[in-house]
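S.K.: Pasting a structure below so you can have a look.
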Amino acid sequence: MLENVNVVLVCTSHPGNIGAVARAMKTMGLSRLTLVSPSDYPSDVAETRASGATDVLADAKVVGTLAEALADCSVVIGASARSRHIPWPLMNPRQAGEKVQEAIAAGNRVALVFGRERTGLTNEELAQCHVHVNIPANPDYASLNLAAAVQVIAYEVRMSHLAAADKLQHAGDGQWGVSWDHPLATQLELNGFFQHLEETLVEIDFLDPNNPKQLMPRLRRLFQRAAPDKIEVNILRGILTMVRANRRKE
């Protein structure tokens, strides 16, 4: 099931860090790596730093945008070292490991997203994550190398996976205590819904595109917190379609 965990690195500047991340992943049984617009890759430096994990690099996928990297993922966890203007669901690495295990046991793909070495993920990138994970490092020196941060969270993912090995029959119970009847919506499907929602709100004069404030980020947070499944997203989009159709009849 760990093959459903995708480590996503956004705009990594040094190829050595990519290799070190591949090594950290392989030691914890993770193999799926996606690189979003890396500055210098492929690179001999990355292969050297991978130190035996070159198979992870060989299979790595390089894409142009974070949205493309997350398109087939239903649960997205983004690493964040600082608080944000709008509060977002936040976990420590141990809680994140448990969340990942719960998701992959139910057949969902999970993305663990890490940002730039110096500045991390932007607010817009973190808004695409269902939850943020923060490593409670020493506040007097909280700077972790990219590979070290991946190692910490990958370790917790593996520990949760191993802990669940003897009770996998209960892993599908999920957050509501029952096995769910449909798979969770993918990030691609959610993004389509959010675009549909924004266009509808503009059309019915609820959202002013010239003064949007924080309406769409707050609505995104609301729906991502609910973790809708594929059928629920289709229902919501059907409602939006009907609202727009009736609006045009007026």
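S.K.: Scan region 68-80 and tell me whether some residue there is touching a strand residue (DSSP E or B) at 6+ places or on another chain (Cβ under 8 Å), assigned to a loop (DSSP other than H, G, I, E, B), among the hydroxyl-bearing types (S, T, Y) and at pLDDT below 95.
M.R.: Checked region 68-80: at least one residue is touching a strand residue (DSSP E or B) at 6+ places or on another chain (Cβ under 8 Å), assigned to a loop (DSSP other than H, G, I, E, B), among the hydroxyl-bearing types (S, T, Y) and at pLDDT below 95.
S.K.: Which numbered condition in (1) surrounded by 17 or more Cβ atoms within 10 Å (Cβ to Cβ); (2) free of Cβ contacts under 8 Å to residues at least 12 places away in the same chain is the only one that A226 fails?
M.R.: Every listed condition holds for A226 apart from (1).
S.K.: Test A103 against the stated conditions and say whether it is hydrophobic (A, V, I, L, M, F, W, C), in a loop (DSSP other than H, G, I, E, B) and not assigned by TED's automatic domain parsing to the domain that holds M242. Reasoning before the result, please.
M.R.: Working: hydrophobic (A, V, I, L, M, F, W, C): yes; in a loop (DSSP other than H, G, I, E, B): no; not assigned by TED's automatic domain parsing to the domain that holds M242: yes.
Criteria not met by A103.
S.K.: Do we have L30 as surrounded by 21 or more Cβ atoms within 10 Å (Cβ to Cβ) and either in the same structural domain as D229 (by TED's automatic domain parsing) or within 30 Å of Q195 (Cβ to Cβ) (or both) here? I'd like the intermediate steps shown before the answer.
M.R.: Numbers: surrounded by 21 or more Cβ atoms within 10 Å (Cβ to Cβ): yes; either in the same structural domain as D229 (by TED's automatic domain parsing) or within 30 Å of Q195 (Cβ to Cβ) (or both): no.
Spelling it out, it is not the case that L30 is surrounded by 21 or more Cβ atoms within 10 Å (Cβ to Cβ) and either in the same structural domain as D229 (by TED's automatic domain parsing) or within 30 Å of Q195 (Cβ to Cβ) (or both).
Okay, residues lined up against (1) under 29 Å from W180 (Cβ atoms); (2) touching a Ser or Thr at 6+ places or on another chain (Cβ under 6 Å); (3) among the polar types (S, T, N, Q); (4) touching a residue at least 40 places away in the same chain (Cβ under 8 Å):
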{"position": "R23", "(1), (2), (3), (4)": "no, yes, no, yes"}
{"position": "L30", "(1), (2), (3), (4)": "yes, no, no, yes"}
{"position": "A58", "(1), (2), (3), (4)": "no, no, no, no"}
{"position": "A79", "(1), (2), (3), (4)": "yes, no, no, yes"}
{"position": "N92", "(1), (2), (3), (4)": "yes, no, yes, yes"}
{"position": "G97", "(1), (2), (3), (4)": "yes, yes, no, yes"}
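S.K.: When the residues of region 71-99 are narrowed to those that are β-branched (V, I, T) and crowded, with 19+ Cβ neighbours inside 10 Å, which ends up nearest to the chain's Cα centre (by Cα)?
M.R.: Filtering region 71-99 down to residues β-branched (V, I, T) leaves 75-77, 86.
From what is left, the residues that are crowded, with 19+ Cβ neighbours inside 10 Å are 75-77.
Values: V75: 6, V76: 2, I77: 4 Å.
Per the stated criteria, the residue is V76.
S.K.: Can you confirm whether I86 is in a loop (DSSP other than H, G, I, E, B), in contact (Cβ under 8 Å) with a residue 40 or more places away in the chain, in the same structural domain as G16 (by TED's automatic domain parsing) and of a type in the set (A, V, I, L, M)?
M.R.: Values: in a loop (DSSP other than H, G, I, E, B): yes; in contact (Cβ under 8 Å) with a residue 40 or more places away in the chain: yes; in the same structural domain as G16 (by TED's automatic domain parsing): yes; of a type in the set (A, V, I, L, M): yes.
Yes: the conditions hold for I86.
S.K.: Go over the candidates E102, E68, E117, E47 one by one and state the one that is within 30 Å of Q214 (Cβ to Cβ), surrounded by fewer than 23 Cβ atoms within 10 Å (Cβ to Cβ), acidic (D, E) and more than 16 Å from the chain's Cα centre (by Cα).
M.R.: Working: E102 fails: more than 16 Å from the chain's Cα centre (by Cα); E68 fails: more than 16 Å from the chain's Cα centre (by Cα); E47 fails: within 30 Å of Q214 (Cβ to Cβ).
Result of the check over E102, E68, E117, E47: E117.
The values are calculated or read from the model by the stated rules, or taken from the named source; none is laboratory data. Note that the structure is a prediction, hence the values are computed from the model and not measured. All Cβ positions, glycine included, derive from the backbone under ideal geometry; neighbour counts span all protein chains shown.
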